[in-house]
Amino acid sequence: MNLLAIDAGNTRVKWGAHDGTRWTKQAAIATARAHELAAEWSALPPPEMVIAANVAGGALASLLTAALAQTGATPRWITSVREQCGVTNGYDDPGRLGSDRWAALIGAWRLCGGPSVVVTAGTALTVDALTARGVFVGGLIVPGIDLMKRSLAAHTAGLGLHSGDYSPFPRNTADAIATGALDSLCGAVERTARRLMESGEAQPCCVLSGGAAREIARRLTLPLKLVDNLVLEGLLTIALDSPR
């Protein structure tokens, strides 16, 4: 089976081609350049299935659908549901959970099969809690590192957008901002893990994905697993679980 999986986000469109056994190619492009994907996809073996998560709006969905028309394929846009692939969605309104978060949870469940803190570090940081029974019990959304820095630069007098380094005890403003942003994200992850254990779960595995995942992972004290494209892994799982 030739499968094309697409994770369409606000900053980047990530995609992968899978032959039923392995990923034959994975790539990413800035969302602003998504019109270039038609040429890339037309060079692939024609996909028998296209499965996609899109959180960047209808205009991007239309553009990607048009790009896929040259391959003869029509995308299946996933939405979050109450239960799928062994994962139960505990959101008050399951359909309101972002499709990328849902796919990431399913990918993490397939990879870990136990209590997990599922982290995607992109424009925003999402931190989702998954129990040993595969129940998504809730999660957090906070601004990502760059968004935090830009917000401070835009709304606080005297705090420009400067490059800084992480430091246990920052002694200049640029380092203070860089360290504060990173520690805020690590704190969200570690507090979620602690709450999960306080609810009676075993030590969770922390599954991290996204552009800032490695930077965050270096500062965490949790058992962790880095996955380059967790949403794509979840999309693959959904596709393989679906009747053909």
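Coordinate-derived values only; no laboratory data. The model shown is predicted, which means the values in this text are computed figures rather than measured ones. Reconstructed Cβ throughout: ideal geometry from the backbone, glycine too, with neighbour counts over all protein chains shown.
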Could you tell me which of Gln70, Met148, Ala34 has its Cα farthest along the dipole of the chain towards the positive end, charges placed at Cβ (Lys, Arg +1; Asp, Glu -1), taken about the Cα centre?
-> Met148
Convex hull volume of the Cα atoms in the range 111-244, per residue, in Å³?
-> 121 Å³
Low-density loop trypsin sites (Lys or Arg not before Pro), the range 9-97, at most 14 other Cβ within 10 Å, DSSP non-H/G/I/E/B, are Arg22, Arg82
Calculated FRET value between Glu215 and Asn10, using beta carbons and R₀ = 25 Å, to 0.05 = 0.80
Regarding the range 46-124, what are the three Cα extents along the principal axes, ordered largest first, in Å?
-> 42, 24, 24
Taking volume of the Cα convex hull per residue in Å³ as the quantity of interest, determine which of [x] 136; [y] 113; [z] 167 was computed from the displayed structure.
-> [x]
Least to most buried among Arg218, Arg101, by other C-beta atoms within 10 Å and fewest first, runs Arg218, Arg101
Expressed in nm to one decimal, what extension gain is obtained for the pair Arg22 and Arg194 from 0.36 nm per residue of sequence separation less their Cα-Cα distance?
-> 58.4 nm
Rel. contact order, % - alpha carbon contacts under 8 angstrom, at least six apart, the range 3-77 | 33 percent
Work out how much length Glu40 to Ile141 would gain on full extension: take 0.36 nm times their residue separation and subtract the Cα-Cα distance, in nm to one decimal.
-> 33.1 nm
Taking the Cβ of each residue in Ile238, Ile29 as the centre, tally the other Cβ atoms inside 10 Å and list the residues starting with the fewest.
-> Ile29, Ile238
Kirkwood-type radius of the range 87-169, with distances r between different C-alpha atoms, in Å | 14.6 Å
Suppose every K and R has +1 on its Cβ and every D and E has -1 on its Cβ; what is the size of the dipole of the range 3-77 about the Cα centre, in Debye to the nearest 20?
-> 140 debye
Could you let me know the centre-to-centre spacing of the range 1-16 and the range 208-238, using Cα atoms, in angstrom?
-> 16 Å
Determine the calculated [θ] at 222 nm for the chain from helices alone, applying -39500 (n - 2.57) to every DSSP H run no shorter than 4 residues and normalising by the residue count; nearest 500 deg cm²/dmol.
-> -11000 deg cm²/dmol
Phi-based couplings in Hz for the range 112-128 (Karplus 6.51, -1.76, 1.60; Gly and Pro marked x) = 10, x, x, x, 9, 10, 9, 10, 10, 10, x, 4, 10, 9, 10, 10, 10
Would you please name the chymotrypsin sites (Phe, Trp or Tyr not before Pro) within the range 38-97 that are DSSP coil residues with at most 13 other C-beta atoms within 10 Å of their C-beta?
-> none
Principal axis dimensions, largest first and in whole angstrom, of the range 3-77 by Cα | 30, 21, 21
Taking neighbour Cβ counts within 10 Å as the exposure measure, how do Glu215, Glu201 sort from fewest upward?
-> Glu215, Glu201
